[in-house]
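Q: One structure, pasted below without further comment.
What follows draws every value from the coordinates through simple rules; no lab data is involved. These figures come from a predicted structure and were not determined experimentally. Using ideal geometry, Cβ is built from the backbone for each residue, glycine included, and neighbour counts are taken over all protein chains shown.
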Amino acid sequence: MSNNQLIDIKNLSFPELTKMLAGLGKETFRAKQIVKWIYGRGVVSFDEMTDLSKGLREDLKQRFSISDWTPEVVETSKDGTRKYLYRLNDQETVESVRIPMDGKDTLCISTQVGCAMQCQFCLTGTFGLTRNLEASEIVNQVCASLKDGPLHNIVLMGMGEPLHNLDNVIKALEILYLDDGCGYGARRVTLSTSGLVPQMFELAKRIKVGLAVSLNATTDELRDQLMPINKKYPLAELMKACKDIPLEPRQRITFEYILIGGVNDTRTDAKRLVKLLHGLRAKVNLISFNEHPESDFKRPSASAVDEFQRYLLDRDIVAIKRASKGQDISAACGQLKGKLEKREL
Ligand code: SF4
């Protein structure tokens, strides 16, 4: 999607862009203008940056390209959810999902091609990790979807473990936060991790972002099976990290809990979850497992979900049932493959 001889300017953080301009002997305040053109106005040619001198535009053109993504496939669900598939320069593919929520759309973006974490309930995990996405490849999912209208929230919950690609993810967040560009504040962006403990601390040290932890089990025995990363960072270590990580005054950690019928949806599980969350500023998202042919796991019964939620609410734990959107286009949680569906599009 970009000219290979040139550097994609969307891979530069603001400090890098400023430094590059200084290196060219240009005024560094031009960086703000460039950011405004690229991310604020969606311009994809230096020629359109009319408040830059012709000389600077030529210099930029000699060194940089501006990548501009168009999805190869867009599928729209009957509930309005849209799944975008993008083909990358090396022919790999990634997906993003745009989820309408009361007129305020959320975009779920990917951070890797595939994933190394092998969570048993997730299709992405079954393919293994192919490669990390570059910062520009993370940012471009947002830029491309913005052409379909404004996005209220961004969630890093698509393909990949964001903390397994920490440097590029942080750079992408810095770019998305730029006031003169997309202008997303940290409160509108949430990053979900399977629980890479050292990287969780590193993230908190380097950038502000909403944190979600994909929990899904309340014993090490079950979590080891569902999420092999638990063998490296077991529950006690993960929950201690959640307590120790500094939070903003009103910030809570979101715990995602995919309810799987007969696996982790009993009252005993709910009881253990309450115990695990004791002393934490937490909220829980309850997501019913989406059945698919590649998995033997079952969807929980509606009554099991209701009872699980009630148990948490009665103990003053914020617990929200998340409706799985986009199931008819395999855009729901854990269904992203980065591959074209077999059916006719
Ligand atoms: S749930 Fe997330 S971390 Fe786990 S395999 Fe899937 S993409 Fe990777």
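Q: With angles folded into 0 to 90 degrees, how steeply does helix 166-177 sit against the dominant principal axis of the chain? Use alpha carbons for both and round to 10.
A: Long axis of 166-177 versus the principal axis of the chain: about 70 degrees.
Q: With an 8 Å Cα cut-off and a minimum separation of 6 or more residues, compute the relative contact order for the range 7-65 in percent.
A: Working: 34 pairs, mean separation 21.1, N = 59.
Computed value for the range 7-65: 36 percent relative contact order.
Q: Using amide H atoms built 1.01 Å from N in the peptide plane, name the residues 5+ places from Leu211, or on other chains, whose amide H lies under 5 Å from its own.
A: Here Leu191, Thr254 satisfy the definition.
Q: Can you work out the FRET efficiency for the pair Asp224 and Leu146, with r the C-beta to C-beta distance and R0 = 30 Å, to the nearest 0.05?
A: 0.15
Q: Would you mind computing the Rg to Rh ratio of the chain from its alpha-carbon coordinates, Kirkwood style for Rh?
A: 0.99
Q: Hey, how many Å between the Cα centroid of the range 1-61 and the Cα centroid of the range 174-194?
A: If we compute the Cα centre of each part, the gap is 21 Å.
Q: I would also like to ask the following. Students often get this wrong, so check it: of Lys275/Lys325; Lys298/Lys325; Lys83/Lys147; Lys243/Lys298; Lys147/Lys321, which have C-alpha atoms separated by over 21 Å?
A: As for pairs spanning more than 21 Å Cα to Cα, those are Lys275/Lys325; Lys243/Lys298; Lys147/Lys321.
Q: Taking the Cα centre of the range 7-65 as origin and charging only Cβ (+1 Lys, Arg; -1 Asp, Glu), how large is the dipole, in debye to the nearest 20? Numbers along the way, then the final one.
A: Working: 11 positive and 8 negative charges, 20 e Å.
Value, rounded to 20: 100 debye.
Q: Right, something else. Sort the range 7-65 into rounded, prolate or oblate with this rule: let a ≥ b ≥ c be the square roots of the eigenvalues of the Cα gyration tensor; rounded if a/c is under 1.5, and if a/c is not under 1.5, prolate when a/b is larger than b/c, oblate otherwise. Don't skip to the answer; put the middle values down first.
A: Numbers: a/c = 1.30, a/b = 1.11, b/c = 1.17.
Judged from the Cα gyration tensor, the range 7-65 comes out rounded (a/c under 1.5).
Q: Rounded, prolate or oblate for the range 81-143? Axes are the square roots of the Cα gyration tensor eigenvalues, ordered a ≥ b ≥ c, and the cut-off for rounded is a/c under 1.5. Walk me through the intermediate numbers first.
A: On the way: a/c = 2.32, a/b = 1.33, b/c = 1.74.
Because a/c hits 1.5 or more and a/b fails to exceed b/c, the range 81-143 counts as oblate.
Q: What does the helix-only formula give at 222 nm for the chain: each DSSP H stretch with n ≥ 4 adding -39500 (n - 2.57), the total divided by the residues, and the result rounded to the nearest 500 deg cm²/dmol? Before the final figure, lay out each step's value.
A: Numbers: 11 runs with 103 residues, N = 345.
Result for the chain: -8500 deg cm²/dmol, rounded to the nearest 500.
Q: Here is a follow-up. Could you point to the residue in Ala22, Gly210, Leu133 farthest towards the positive end of the chain's charge dipole, with +1 and -1 charges on the Cβ of Lys/Arg and Asp/Glu respectively?
A: Positive-most Cα among the choices belongs to Gly210.
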